[in-house]
Amino acid sequence: MTETTPAASPANPAIDSADVTAAGTGSKYARWFRVVAIAEAVSWTGLLIGMLFKYVLSDNEVGVKIFGPIHGTIFIAYVITVAVVRKPLRWTWLTTLVALAASIPPLFTWFFELWAQRTGRLR
C-alpha cells in the first residue's frame, strides 16, 4: 500500500512541506544522505581524474592537491552521515555495513543510494 500526498486545494489550503515530506517523498535524513552520497561519488571522480593526470597523462599534481582534501572531507562526512541516519531510517546493521563499504570503491556510494532508494531504505 502506497501513501498519497493530498493536493493543495481551496478546501485544504494548509499543506505544509513537512507534511509532504512525511507522506513519502523522503525524510530530511534521506535527503541529507542522498546529497552526501552523491557528493562523495563526485569527489571520488574528481580525485580519480586528478590521479590520471598525475600518474598517467602528465606529472601535474594540481588535481590531486585540489580533490584530495575535498574528497577526504566529504568521505568523513559520508561516514558520519551513515552513522547519524541509520537509526532514523531504520537501517539494519547489514544495510549500515553495506553503506559504509560502499564508500571505498569509486562511485559505489551513488550506487548504494540508488539501491537504497529503490528498496525503500530512504523513507
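All of the numbers you see were taken from the coordinates with simple rules; none came from a lab. Predicted, not measured: the structure shown is a model, and the values here were computed from it. Positions of Cβ are generated from backbone atoms using ideal geometry, with glycine treated the same way; all protein chains shown enter the neighbour counts.
Projecting the Cα atoms of V85, L100, I38 onto the dipole axis of the range 26-118, where Lys and Arg carry +1 and Asp and Glu carry -1 at the beta carbon, places V85 farthest toward the positive end. Assuming charge only on the beta carbon of Lys and Arg (+1) and of Asp and Glu (-1), the dipole of the range 52-115 about its Cα centre is about 300 debye to the nearest 20. Here r is the Cβ-Cβ distance between L94 and V62 and R0 is 35 Å; the resulting FRET efficiency, rounded to 0.05, is 0.30.
Listed from fewest to most Cβ neighbours within 10 Å, the set R86, R123 follows the order R123, R86.
Of all lysines in the structure, those lying under 19 Å Cα to Cα from K65, and not within fewer than 8 positions of it along the same chain, are K54. At an R0 of 25 angstrom, the distance between the Cβ atoms of A83 and I38 translates into a FRET efficiency of 0.85. Rounded to the nearest 0.05, the FRET efficiency derived from the C-beta distance between L52 and L107 at R0 = 22 Å is 0.90.
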